[in-house]
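Encoded as structure tokens, the structure appears first; notes follow it.
Read the figures in this text as sums done on the coordinates, not as results from a lab. Since the structure is predicted, the reported quantities are computational estimates derived from the model, not experimental observations. Glycine gets a Cβ as well: all are built from the backbone with ideal geometry, and neighbour counts include every protein chain shown.
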């Protein structure tokens with residue numbers, strides 16, 4: 001991790017946010033009931049941050065190796081631009097996303113937590129590892145969150161993006177439904 005880069009400056013050019021799901025938007029736990037139904041627990045502060053960022057015009061993509069209706073439902077609730085699920089290696093979608101969203105690599109922020117995120121974290125401009133990510137991912141990330149996955153790590157990054165883009169002042173107007 002390059003400690004000389006100001007963390008606010010790091011996020012000022014973000015035009016696309018890509019999020020891993022399990023271990024980033026959740027604590028990495030998958031719960032099954034006795035009938036085999038899957039449950040995931042999402043952090044509401046992360047959710048509000050995602051919703052706000054999307055309303056300020058920054059597309060958000062959920063990118064997961066595992067496909068799940070729960071992920072799609074959460075994405076729909078938050079106004080997420082796209083869900084890409086059941087995909088490995090994750091970096092295989094990068095060129096299509098660059099083209100589809102008309103962004104450069106250095107304008108993409110990706111948040112991950114585990115080995116399957118390594119290829120993508122190295123290929124985007126701002127690779128972020130959640131605090132409880134595996135050590136090799138943390139070594140390759142440009143930023144490591146103070147918060148753990150599923151416990152506000154995404155909101156931490158969203159807040160940094162909003163601050164870097166000087167959008168914090170507009171939050172109050174947003175909350176009053178004036179934006």
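What's the percent breakdown of Cα-Cα distances in region 18-75 across 10 Å bins, shortest bin first?
Answer for region 18-75: a P(r) of 21, 54, 21, 4, 0 percent.
Where a ≥ b ≥ c are the square roots of the eigenvalues of the C-alpha gyration tensor, would you call region 52-111 rounded, which needs a/c under 1.5, or, failing that, prolate if a/b is larger than b/c, or oblate?
It is oblate, given that a/c is not under 1.5 and a/b is not larger than b/c.
Using Cα springs under 10 Å in a Gaussian network model of the chain, which residue among 143, 101, 32 shows the largest mean-square fluctuation?
32
Please find the FRET efficiency linking residue 39 to residue 175, where r is the Cβ-Cβ separation and R0 is fixed at 30 Å, and quote it to the nearest 0.05.
After rounding to 0.05, the efficiency reads 0.50.
Along the Cα-to-Cβ line of residue 48, 7 Å from the Cα, sits a label point; which residues in region 65-102 have backbone N less than 20 Å from it?
74-80
Calculate how many DSSP beta bridges within the chain are antiparallel, expressed in % of all such bridges and rounded to the nearest 5.
10
Under the 0.36 nm per residue contour assumption, what length would be gained going from the current alpha-carbon distance of residue 115 and residue 96 to full extension?
4.7 nm
Anyone know which of 81, 54, 99 comes out most mobile in the 10 Å Cα GNM of the chain?
Most flexible of the set in this elastic network: 99.
Under the definition of Cα pairs under 8 Å and six or more residues apart, what whole-number percent is the relative contact order of region 30-130?
Reported relative contact order: 18 percent.
Pick out which of 115, 53, 19 has the largest mean-square fluctuation in a Gaussian network model of the chain, springs linking Cα atoms closer than 10 Å.
Result: 115 has the largest fluctuation of those listed.
Region 90-179: Rg/Rh from Cα coordinates, Kirkwood Rh?
1.03
If you project the alpha carbons of the chain onto their three principal axes, what span does each projection cover, largest first, in Å?
Computed over the chain, the largest-to-smallest principal extents equal 48, 39, 32 Å.
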